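The values are calculated or read from the model by the stated rules, or taken from the named source; none is laboratory data. Predicted, not measured: the structure shown is a model, and the values here were computed from it. Don't worry about glycine lacking a Cβ; one is built from the backbone with ideal geometry, like all the others, and counts go over all protein chains shown. Quick note on the areas: whole protein, heavy atoms, side chains included, nothing else; ligands and nucleic acids left out. Shrake-Rupley method; radii C 1.70, N 1.55, O 1.52, S 1.80 Å.
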Amino acid sequence: MFIFLSDWQAGKADGDGVEGFVKRLMNRIDLIADRINELKKLGRVINKIVVVGLGDMVEGCEGHYASQTFTVQLNRRQQVRLVRRLIVTLLIKIAKLADEIEVYAVPGNHGENRKDGRAYTTRGDNDDVSVFEMAAEIFAANPQAYGHINFFIPEDELYAIAKAPGGRNGGFVHGHVTAGGADPQKKVRDWW
């Protein structure tokens, strides 16, 4: 079972803002657990869950568009705290639903530390991966209950490689690594 987490951009004021975002996500977390239990009742074997953070988990506060600084409801620290707590909530909810849980994360552009519209540190200095690193430390504190949850977090790479069920490899990356042209498929092919 794969669970993909992407482009939350937590902290934005868009639509119904942070409160609406949290409400919807908490509902989705319950629906994920319900779906896994439903599949098991139907006789499907789910012994491994793969959770992938695909980037842009936080909104960032500056450097992506002109009004960003004025349209976020949460500062950077608050965004990171909220996302970390939501990831931990999800993992606690599904922890007893599989024998093995693998968690992967890749950096997105909104998680970059930016100044004057440009990332100014290393690729790995990214809030989109640091929130998963924080979650990993939380779960590592209780190996008896959560020792079956394993985290795979890149240091400075822009991608993650997972050994998927059945022995196939899966690769994950955020879309900002591709560039040039209006055709998304061509961008990915050219990058690859």
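General observations
- Near pairs, Cβ below 9 angstrom, 6+ apart or cross-chain, from region 3-21 (charged (D, E, K, R)) to any residue that is surrounded by fewer than 19 Cβ atoms within 10 Å (Cβ to Cβ) and in a loop (DSSP other than H, G, I, E, B): 12/73; 19/73
- Pairs meeting the criteria (first residue in region 138-156 and closer than 14 Å to residue 105 by Cβ, second residue in a loop (DSSP other than H, G, I, E, B) and open to solvent by 50 Å² or more (accessible area, probe 1.4 Å), beta carbons under 9 Å, at least 6 apart or on different chains) are 154/123; 155/122; 155/123; 156/122; 156/123; 156/125.
- Residue, most open to solvent (accessible area, probe 1.4 Å), within region 67-90, restricted to residues that are at pLDDT 80 or above and either in a strand (DSSP E or B) or among the polar types (S, T, N, Q) (or both): 73
- The listed residues are 139, 152, and the only one of them that is touching a Phe, Trp or Tyr at 6+ places or on another chain (Cβ under 6 Å), at pLDDT 75 or above, farther than 18 Å from residue 21 by Cβ and crowded, with 19+ Cβ neighbours inside 10 Å turns out to be 139.
- Of all residues in region 115-129 being polar (S, T, N, Q) and either at pLDDT below 70 or not in a strand (DSSP E or B) (or both), the one that is farthest from residue 153 (Cα to Cα): 121
- Candidate set: region 29-66, residues that are of a type in the set (D, E, K, R), open to solvent by 50 Å² or more (accessible area, probe 1.4 Å) and more than 22 Å from residue 108 (Cα to Cα); chosen: the one nearest to the chain's Cα centre (by Cα): 30
- Tally of residues being in a helix (DSSP H, G or I), among the aliphatic types (A, V, I, L, M) and within 19 Å of residue 75 (Cβ to Cβ) across region 2-33: 2
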